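A.B. asks: The structure follows.
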Amino acid sequence: MTRILVVAPSWVGDCVMAEPLYRQLAARHPDLQLDVLAPAWTLPLHSRMATVTQTLDNPFAHGQLRLTDRYRLGRQLRAGHYQQAIILPNSLKSALIPWFAGIPQRTGYLGEQRYGLLNDWRKLNEQAVPRMVDRFVQLAVPEHESAAVMAANPKLVVSEQSVLQALRDKGLTTSRPVLAFCPGAEYGPAKRWPARHFAALGRLAVARGAQIWVLGSHKEQSIGQEIVAAIGQSAVNLCGETSLAQAIDLLSLAKAVVTNDSGLMHVAAALERPVFAVYGSSSPIFTPPLSDQAEIITLNLQCSPCFKRACPLGHMNCLNQLDADLVWKSMQGIFASLTESAD
């Protein structure tokens with residue numbers, strides 16, 4: 001049996017983009033046991049990835065060294081008898097545990113000068129490999145083969161039982177077609193389409209027979225409430241009201257998803273939902289929604305992408321001027337489908 005440990009990222013979107021790597025490893029090693037070392041909160045993501053054997057808790061928060069605790073965890077992992085570790089984060093700290101575990105082959109990008117901690121280190125050519133998902137999947141193969149490997153789209157798999165349970169838990173039904181909104185973006189306001197635009201789009205969809213589910217973390221509760229209040233009917237604010245597992249299962253029921261460049265955008269794409277991704281300060285070149293059913297909506301202003309958390313010019317025209325009518329035009333086919341479903 002081939003035993004591989006992957007040290008996974010700590011962001012929702014990055015975790016999703018690692019899934020094609022896991023499938024590539026499984027294709028190369030039919031007898032694979034694939035364990036993922038990741039924060040406990042990511043379990044709902046990894047448990048919905050078909051090739052992951054188990055998720056092991058990585059208890060270290062961002063920025064924490066806790067060298068003694070890392071050493072202890074590494075010693076515990078020796079019992080796994082892993083032949084290889086693949087370290088996806090670029091930090092020096094993330095490479096310590098596989099080194100402490102004595103895993104013979106430790107693969108990853110050089111990152112923070114991780115000579116020694118990695119013995120199968122790669123130099124990243126950012127221009128040649130702009131997409132994070134391809135950077136990840138190329139670590140599945142020897143370096144001399146990596147240039148020929150490009151990632152498939154990520155896939156998450158949900159069970160009917162868990163989806164039905166999420167509906168029951170939240171008192172929801174799919175009697176009307178679901179249009180999901182994901183108005184959050186962890187990086188900052190320059191990635192967030194204004195709530196008034198979400199609301200205007202929601203009113204258009206509700207008039208054509210849809211219901212609106214607004215999904216996000218507790219940080220988006222007030223934004224979600226603003227959107228729902230402005231729509232006025234057939235809309236529910238689920239921000240902060242679901243677990244990550246429930247959010248994934250509920251997104252799988254959406255006829256379409258309108259989203260900022262966020263972790264839930266990647267979840268919706270991996271669920272193969274029609275995704276309409278609104279981009280302002282960020283660029284879809286590096287971390288696009290990876291789905292044949294995804295459409296990127298952007299104004300392509302001269303000042304964007306600026307990659308700033310807040311608009312350096314103070315106007316945020318890249319999102320303020322991208323109104324609901326523009327997104328509406330992109331979604332006409334979906335809205336026609338919603339109308340037919342509601343009839």
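A.B. asks: All but one of (1) within 24 Å of Gly13 (Cα to Cα); (2) among the basic types (Lys, Arg); (3) assigned by TED's automatic domain parsing to the domain that holds Glu272 hold for Lys155, so report the exception by its number.
C.D. replies: (3)
A.B. asks: Take Arg78 and decide whether it is at pLDDT 95 or above and either small (Gly, Ala, Ser) or surrounded by fewer than 20 Cβ atoms within 10 Å (Cβ to Cβ) (or both).
C.D. replies: yes
A.B. asks: Somewhere in the range 290-301, is a residue within 23 Å of Arg196 (Cβ to Cβ) and among the hydroxyl-bearing types (Ser, Thr, Tyr)? Spell out the reasoning first.
C.D. replies: Here is the first cut: in the range 290-301, the ones within 23 Å of Arg196 (Cβ to Cβ) are 295-301.
Filter once more, so that each one left must be among the hydroxyl-bearing types (Ser, Thr, Tyr): 298.
Scanning the range 290-301, I find at least one residue that is within 23 Å of Arg196 (Cβ to Cβ) and among the hydroxyl-bearing types (Ser, Thr, Tyr), so the answer is yes.
A.B. asks: If you don't mind, another one. Select the helices (runs of 4 or more DSSP H) contained entirely in the range 218-320, then report the ones holding at least 1 residues which are modelled with pLDDT of 95 or more, surrounded by 16 or more Cβ atoms within 10 Å (Cβ to Cβ) and among the β-branched types (Val, Ile, Thr).
C.D. replies: 221-231, 244-251, 263-270
A.B. asks: Given the criteria assigned by TED's automatic domain parsing to the domain that holds Val267, surrounded by 22 or more Cβ atoms within 10 Å (Cβ to Cβ), at pLDDT 95 or above and at negative phi, does Val214 qualify?
C.D. replies: Yes.
A.B. asks: Of the conditions (1) over 17 Å from the mean Cα position of the chain (by Cα); (2) under 26 Å from Pro130 (Cβ atoms), Phe286 fails just one. Which one is it?
C.D. replies: The one condition Phe286 does not meet is (1).
Table: residues versus (1) touching a strand residue (DSSP E or B) at 6+ places or on another chain (Cβ under 7 Å); (2) in a helix (DSSP H, G or I).
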position	(1), (2)
Leu56	yes, no
Gln64	no, no
Arg70	no, yes
Arg75	no, yes
Arg78	no, yes
Pro89	yes, no
Gly108	yes, no
Asn125	no, no
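A.B. asks: Take the residues in the range 131-179 that are in contact with a Ser or Thr (Cβ under 6 Å, 6 or more places away or on another chain) and in a loop (DSSP other than H, G, I, E, B), then tell me which one is nearest to Leu21 (Cα to Cα).
C.D. replies: Asn153
A.B. asks: Mind checking which residues of the range 206-258 are β-branched (Val, Ile, Thr) and more than 19 Å from the chain's Cα centre (by Cα)? Steps first, please.
C.D. replies: Narrowing the range 206-258 to residues β-branched (Val, Ile, Thr): 206, 212, 214, 223, 227-228, 231, 236, 242, 248, 257-258.
Correct list: Val206, Ile212, Ile223, Ile227, Val228, Ile231, Val236.
A.B. asks: Could you list all residues from the range 40-53 that are loosely packed, with under 13 Cβ neighbours inside 10 Å and not in a helix (DSSP H, G or I)?
C.D. replies: Ala50 - this is the single residue of the range 40-53 that is loosely packed, with under 13 Cβ neighbours inside 10 Å and not in a helix (DSSP H, G or I).
The values are calculated or read from the model by the stated rules, or taken from the named source; none is laboratory data. Here the structure is a predicted model, which means the values were calculated and not measured. Cβ coordinates were reconstructed from backbone atoms using ideal geometry, including for glycine residues, and neighbour counts include every protein chain displayed.
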